[in-house]
């Protein structure tokens, strides 16, 4: 009789998986790989299977921007135990509103190790039960639950391994570490994961924060550098919280995949990252990007006025010895390095204090910085025009224009400092991604990256200073140089027009009027000093200098306070209803960026051209006037019904800062195109645009 019962149960085993209740879109069941019959005390695997109808999806253990993971409550016979729940390898999906979720389509598997007691009766059948609950989504999200069960036999019999017979390798995370070294660096608000993967493979990273301590995670940004040894991978993850970093790393190669857990409370995580904590290939690629970005900064419009002064300096030095010319070049490079390394130290200090650090914005979004820079540029222009000469201590011949052009190494140093001062609002090609990488790294890497940018910017001048052959292509010094020096003051006044426009967009027209009044007062002070002080006795000249200086300082202080009190100006946009773009053949009607308005447009499938810009970013203005707001692009926007949206970062805006960080950027310009259709992947355009690039992207 016992043998007869055993035979019937064994033959009916495939039918013993039961589904008690299922919700719309999902059918739940329970299977095991237990030996038939069981081996007393030997663990086996029990797997809950959620089969999903087309269009439905459920969620992984960390669901991403929305959703809830499934739950399993085991109901086992007395003396039995269930281990932790393990999820199969997920996929990444995009939902309307730029939301990224991690989950499953078609099928989701959840398993636990079940351990029976060591004293099982030989002639009994045991029923394993579990209550499964989930959230399944299609157009709408519907919670569901089911009671599932499966039966296993008592001791004696042979094994049936359901899992290995039906699932390919890689469906579950491996129980060992990856076969290559993975480095986890960073702390505070970012994590960096770097490694060199297998040739021909692609990689995805699924973060898994601990929900109990309030840790929040942003979207994963990846950077791939192909090499002869395999892809050098760098993943950047906004990670806000004290939970140890933990993530699932998935390798896909053809039709096969493998997955490994990384991070957690393991020795792999580096609490205090150092330069050695980053893959060498990733660091070298980032340093090269920084170097190229610094090199290209010399061609940015915001730097050109000072570059013209340096060229004038080269002309004035044409008759000097090669060694003296080289020292001038080194002094100019020292000014560049000092400013960039000073910025690096400031970034490190701000990061240590928990501030959100960005490139250019933390200076130019402050109206006091704009006022101070515009005053400096204005006085420098007056000096070149000959309105006044500021004599440096210790020498009666070292006037400011001579110091900056011919006699003094201090002038070359000041020019280098001044050039980088004007360069900070610019994001040249290669520079945005390099600084985005650097701002999430350790102090050593931040200093190294800024030094790389400084070296790129200073290299042309070092080469020109080191090679005396360039002198034969430059006219000899003469009286004409005085006129040329005065001419060089006009590009500086043009720079001040730009700074006035920036201030107007920050604090309005009243602020510009007050700054112009300040220029008038400072101009009078400079003329008094230049015209009167040099014609008086030493004591009288000192008195005039003191009175003039006190008046100038007081005027700068009072007017700066008045300007700062002015209310910040929001971006000026033509009022347009969300999702109802209005087109004109002569201009683009921009909608102001907010996360909510972008989410609404994306959920309706509307194509969107999103331009993150700022008044103080000349590269942004160049892009808009030469590549975006041009007739052909306006025509294409009208034909395809593309909504133009602008994120104006002239003043600080946390929403725009967060959006930039989600794309791995720390500054503007950033232009993103969202094609038509729900959940379409955004396309990031290059930093420096041409009309053909924009038309090509929008026309796809």
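Each reported figure results from applying straightforward, stated rules to the coordinates on display, with no laboratory input. In this text the structure is predicted, and so the values were computed from the model without any measurement. With ideal geometry, Cβ positions are generated from the backbone for all residues, glycine too; neighbour counts draw on all protein chains shown.
In region 72-112, what is the volume of the convex hull around the alpha carbon atoms, normalised per residue and reported in Å³?
Expressed per residue, the convex hull around the Cα atoms of region 72-112 is 89 Å³.
Please state, rounded to one decimal and in Å, the Kirkwood hydrodynamic radius that region 591-698 gives when every pair of distinct Cα atoms enters the mean of 1/r.
The answer is 13.9 Å.
When a footprinting reagent is the concern and you count Cβ atoms within 10 Å, what order do 345, 512 take, fewest first?
345, 512
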